[in-house]
Amino acid sequence: MAPLTPYTFFQCPCSEPSTLGRPADGSSGAGAGAEPDADDEDRAFDPRAPRSNYSLYPLEYLLYCEDCQQIRCPRCVAEEIVTFYCPCCLFEVPSSNLKSEGNRCTRSCFQCPVCIGPLATTSLESHPDPNLLAAPDNSAAPHSGPYILTCSYCNWSSTEIGIKFDKSNGIHAQLAKLRNGGTTRLTAKERKERRKDLLQGGGPATRTAEAAVDGRDLDVDTQFANLKAFYQNQLADSSSGGNGLSSLGDMGFASPSSLSRIMSIYTGGSLHDKRSKLRIGTMREALDSDEGLKIANLDESGAIEKLQEEGYDATVSAEQISNQTPNLGEAPLHGRGRFTSELRPIPYLLRTKRSKRCPICRHIISKPEAKVQATRFRIRLVAGSYIPSITIRPLNTPEASPGAPSDTLQPLKPVQFLLTFKNPIFETVKVTLATPAKTPGRFASKVTVLCPQFEIDANTDVWDEALKDGDKDKRRRRGEDGPHQAEAGKIWERGRNWVSLVIEVVPASLRLDLLALTNPTGGQEVDTGPLREDEDLLEIPMFVRVEWEADAAGDEIGSAPNKDKEGREKRELAYWCVLGLGRVSQS
Amino acid sequence: MSPARPTSTIAELRASIADKRTTHPRLHEHSPRVTTMSRRPPRGEYIETDTGNKVARKATLVGTQNIMLGGKTVIQPEVMIRGDLVRSVQSASAASSSGPPANNTAVSIGRYCFLSRASCLRPSGRLYKGAFTYMPLRMGDHVFVGHGSVVQAASVGSHVHIGARVVVGELAIIKDYVRVLDDSIIPPNMVIPSFSIVAGQPARVIGEVPEGGHEAFELRDLYKTVGNNPHPVPT
């Protein structure tokens, strides 16, 4: 396996038990009533617990709320949408359009249904014969022919589903009017107009024309519209008779009069009720396709023949069908696309620019600019500019490992890692580290932090530092004389705004037979199951406490600036983090 | 790119190499005994220009008049930049036959770019008004092109990290702050909006760059680690 680069994950306080405010559950667990709360505080953070998977993030993903002085993670921030735009044409879509036209691009941006790559509009027209008398420079627009969509990755084109366009822009609207195979389809507006003509006494001519169009293959949209119109007519008809039920047509079946009528049907069958039942006009169901009836076509011999002719490659894969938008132009259910000739180009889903808010104090912690082309952020409070970042690299002392460093850690052999803490803020911070002596989990490795408490200098300007003291080596406390030894209680190296120190790790042995022997709690059952996923990963939970002095928040404008020691308040921040060092080899 | 920013063409590069040559080239064929005539500084792997560009000697740059480098760009060995695929100027109007070379840019690269080994920058071409012409390839600042990648895009924005063995198809447009992961193939004509993480064959947007990840795109430190007198890699 490839060597694991060491990583650092930070835990957001939003998932800590103390903040979750769970009631002391004495009913569950070991039965200790008041114990769970105290237990949670003392128990080290277990990076292998399934729940902790959702609360650990690398530093780039974390934000920081200045008012709460706390870390915020992508899971706990509240997001609000600033702009919607199409990721292909980068045009902004106003949110009013979103409600009417949906969350997809309605211009000419489409994705290939076969490979989900971008589709380009190309002209089908062949070049005019140069032998003919034509303008030599060919500047006359050749783009007048029919247009098709082509995919430049898999060479799919819309001719494979038989669709051609007349204009090169506004493809979404043109596509709505076309079916696979080139036949046209009526849109909702056109159908409404046809119905209006029909009602105004267009005569039998238009009626037959419409029946011919809808006929056997009634598509989803048309069927729904017909059925809805039919039911509305039925409701209007049935409510015209009956006593005191004139309000039924308006309110439907929820009106008090209709409810009382329905209830009277159930309570007793007196003559009075039978009469009232007769007076109500009976509603009937749809009788033909004009009213919205669609007879299911259960004969699939056509589809089976097609499958036998064209083979497996002509069918649609599950991923392709899941990316398709519902095709309102085809018959439902039994017309659901199973062949690649029934696929349609997919309009692009719109993308958003979002601003993020702290869930507790409701301050905005991240806000991009509204314009699509702008990449700046108006507000961008990231954790990387407030908490020290941690980088890890193995420390190869010449005495320890004469051979080449291996990809995996050797069990039971102590190895040293160098942690570098970089301070991003403009104040000196004091860092306190705490790790459990043994890592949690079935195979516990021993961990020793050689210097658990240290200070990192402020992140001053590089120029200030250079001008202040020309002799930079004075600040670097490197081992001037003698070998550079990793001593307990001492840091390894110090720089302008960073400190590096050593931790020593003895990886656990992954042998299952030794597990029973090394188990400290002898009475309990030992889990000697096979090695589970990621159990050979060496992860160290570490509790970091950062303290620094900051100027007291000066909210009062009129007060004189009090820069004395009393004006500075101590601030501290504490969080769990997980250092992933590598995999232990299974020998 | 503002005109005030100093750019250096490869013509400048040539001039700086010519200055460094002080001995007759034939002398190198003889025995390695140092002659008393002149002492040359050892040939470094990179040529460093005044504007801070570091171009490896083993890089293949074709058509150098049409290549514009912003300052502090690193070009590693075995890189190929095709400056010869340039738009053919159609002199319909009364333009001079040899137009100024600045108008005929094939490839223009911004500041602090890093082109890794065996990568290739190639302008893309298409049919424009009936004739096949090449569109200039424009790259922004802080662009990292990984090992063995081929970039044929129409334009690449700033702060873009392209991984290894990536193929960027013709006329693709990559906006700012984009991370292209290794082994992706970006199909032709694709537009990748800002702050995306892109991977796959064909490439799809699989994630967004978090707000804290903007500083990871800066290539200033990487620039210092390369060259004839490289700084050590920061830990």
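Data overview
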read-out	value
Potential extension, A:Asp464-A:Glu66 segment - 0.36 nm per residue separation minus Cα distance	140.6 nm
Other-chain or far-sequence residues with amide H under 5 Å of A:Val382's (modelled H)	A:Tyr64
By accessible area with a 1.4 Å probe, ligands and nucleic acids excluded, highest first: order of A:Tyr85, A:Tyr57	A:Tyr57, A:Tyr85
Accessible area of B:His214 in the full protein assembly, 1.4 Å probe (Å², nearest 10)	10 Å²
Neighbourhood net charge (11 Å Cβ-Cβ; Lys/Arg +1, Asp/Glu -1) for A:Gly441	-2
Using a Förster distance of 51 Å, the FRET efficiency for A:Leu328-A:Ile262 (Cβ separation, nearest 0.05)	0.90
Average other protein chain Cβ within 10 Å of Cβ, residues B:208-220	5
Accessible surface buried upon B-A contact (total; probe 1.4 Å; Å², nearest 100)	2400 Å²
Out-of-range pairs (alpha-carbon distance over 32 Å; input B:Lys58/B:Lys175; A:Lys356/A:Lys490; A:Lys167/B:Lys175; A:Lys167/A:Lys367; A:Lys189/A:Lys294; A:Lys356/A:Lys422)	A:Lys356/A:Lys490; A:Lys167/A:Lys367
Rounded accessible area of B:Met135 (nearest 10 Å², 1.4 Å probe)	50 Å²
At least 40 Å² of accessible area lost relative to the chain alone, listed for the stretch A:51-97 with a 1.4 Å probe	A:Glu60, A:Tyr61, A:Leu90
Table column - 3J(HN,Hα) (Hz), the stretch A:527-534, Karplus curve with 6.51, -1.76, 1.60, x for Gly and Pro	7, 9, x, x, 5, 8, 4, 6
The stretch A:297-386: relative contact order in percent, alpha carbon pairs under 8 Å with at least 6 residues between	16 percent
Heavy atoms of B:His231 accessible to a 1.4 Å probe, total area in Å² rounded to 10	110 Å²
For A:Lys430, net neighbour charge (Lys/Arg +1, Asp/Glu -1) across residues whose Cβ lies under 13 Å away	-3
List A:Arg376, A:Arg107, B:Arg82, A:Arg72, ordered by accessible area with a 1.4 Å probe, largest first	A:Arg376, A:Arg107, B:Arg82, A:Arg72
Extension gain, A:Ala374 back to A:Glu285 (0.36 nm per residue minus Cα-Cα distance, nm)	26.3 nm
Net charge of Cβ neighbours under 13 Å - reference A:Arg511; Lys, Arg +1; Asp, Glu -1	-2
Per residue accessible area in Å² of the stretch A:290-385, where ligands, DNA and RNA are left out and the probe is 1.4 Å	59 Å²
Residues in the stretch A:358-382 that, when all protein chains are in place, have 20 Å² or more less accessible area than the chain alone would give (probe 1.4 Å)	A:Thr375, A:Phe377, A:Arg380, A:Val382
Order of exposure, largest accessible area first, which applies to B:Tyr134, A:Tyr64, B:Tyr112 with probe 1.4 Å	B:Tyr134, B:Tyr112, A:Tyr64
Distance (nanometres) between label positions extended 7 Å along Cα→Cβ at A:Leu514 and A:Glu427	4.7 nm
Cα-centre dipole for the stretch B:111-235 with unit charges at Cβ (Lys and Arg positive, Asp and Glu negative), debye to 20	500 debye
Within 10 Å of each Cβ in A:145-156, the average number of Cβ atoms from other chains	2
Förster-model FRET efficiency, 25 Å R0, A:Lys228 and A:Ser341, C-beta, rounded to 0.05	0.25
B:Asp182 long-range amide H proximity, modeled H, under 5 Å	B:Ala164
J(HN,Hα) series, the stretch A:439-444, from Karplus relation 6.51 cos²θ - 1.76 cosθ + 1.60, nearest Hz, glycine and proline x	6, x, x, 5, 10, 8
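The values are calculated or read from the model by the stated rules, or taken from the named source; none is laboratory data. Note that the structure is a prediction, hence the values are computed from the model and not measured. Reconstructed Cβ throughout: ideal geometry from the backbone, glycine too, with neighbour counts over all protein chains shown. The accessibility values were calculated without ligands, DNA or RNA, using every heavy atom of the protein model including side chains. Shrake-Rupley method; radii C 1.70, N 1.55, O 1.52, S 1.80 Å.
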